[in-house]
Amino acid sequence: MGKGKRLQALTVERPATIQEAVQLLNDGGDTAKVLAGGTDVIVIARSRRRTIDLLVDVKHIPELTAIEWDPGSGLTIGAAAPCYELYGNADINANYPAIIDSASLIGGTGIQGRASFGGNLCNSSPSGDTIPTQIVLEATANIVGPGGERSVPVEDFCTGPGRNVLEQGEFLVSLHFPAPEAGGGARFLRFIPRNEMDIAVCNAASAVKLDGDTVRWARVSLGAVAPVPLLVQEAADALVGNPLNDDTIAAAAEASRNAASPIDDMRGSIRQRKHLSAVLTTRTLEQAGARARGENVPSVGGH
């Protein structure tokens, strides 16, 4: 055995129902964690950044891996549904291409076989690549715990780097996305420092709904430029009621630049991240508008 750190000694339980999982997590306290894809929590356990005594494997609970689409009520994605099932789903490809933008970017093919939108949200990294998309598509997080069920808008889910609203015994069961409307389009993009470092320097998503050339609704979200992924209301305010053109997009981009409050680190500088906030807002709005007009904008991952 080399000198690398060994994985913590821990127990894995595989509940068959939501209530069994709640009981296990509640009894386990702070040292019990959900295992969905495991692409984050296993790394955390191995690095011993947190003490983990119990992993609750929720992939055997049917609700956690289900993908349900209804043209009237929208899309529900189980928190443990892996990314490859999302970009392989015809209904998601047809109605939520921005989800495909994110799902096809999470790691390589092997990671996409396990990593999930739900797990990416619960990891609550400021640079999580699925979270801005979830925010602009008005996703709600469906949570179950000892006190019952509750729903939280995704923009309110993360409370700090690696922190979120989940309380003891609670876990994320699913994400719900409202049905798309005519004249709507959304787009996600990111900038990474190099292909070998798959962590965004900045990422962004935008969604618009158009009446002709006029924006009747908009959302813009930024990641990796603040302690939590941001919903930039000022960017939307610059667009709604106005044509989607170079001037209004530039105003929204400037609002994103101003909203960003990044740090300097090995991936990028404050100046670069604020610049990228504006650039990615510009590009995602242009391409969200193209999708809203029915133009084909291929997803970034190529799936």
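All of the numbers you see were taken from the coordinates with simple rules; none came from a lab. As the structure is a prediction and not an experimental result, all values here were calculated from the model. Every residue, glycine as well, gets a Cβ built from its backbone with ideal geometry; the counts of neighbours run over all protein chains shown.
Values as computed for the structure displayed
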| item | result |
| --- | --- |
| Tail beyond 19 Å, pair distance distribution of segment 62-177 (Cα, percent) | 40 percent |
| On Cα atoms only, tilt of 270-292 relative to the major axis of the chain in degrees | 70 degrees |
| For the chain: rounded, prolate or oblate by the Cα gyration tensor [a/c cutoff 1.5] | prolate |
| Helix-only [θ]222 nm of the chain, DSSP H runs n ≥ 4, -39500 (n - 2.57) each, per residue, nearest 500 | -9000 deg cm²/dmol |
| Potential extension, Ala250-His60 segment - 0.36 nm per residue separation minus Cα distance | 63.7 nm |
| Cα long-axis angle, helix 18-28 against the chain (0 to 90 degrees, to the nearest 10) | 70 degrees |
| Relative contact order for the chain, counting Cα pairs under 8 Å that sit 6 or more residues apart, in percent | 16 percent |
| Per residue, the convex hull volume that the Cα atoms of segment 184-292 enclose (Å³) | 82 Å³ |
| Percent of Cα-Cα distances greater than 16 Å, calculated over segment 249-303 | 52 percent |
| Charge context of Ala66, other residues only, Cβ under 12 angstrom, K/R +1, D/E -1 | -2 |
| Between 0 and 90°, nearest 10: helix 246-259 axis offset from the chain longest Cα axis | 40 degrees |
| Neighbour count of at most 13 Cβ within 10 Å plus DSSP loop: longest GluC sites (Glu not before Pro)-free window in the chain | 1-166 |
| Distance (nanometres) between label positions extended 7 Å along Cα→Cβ at Glu295 and Asp211 | 2.3 nm |
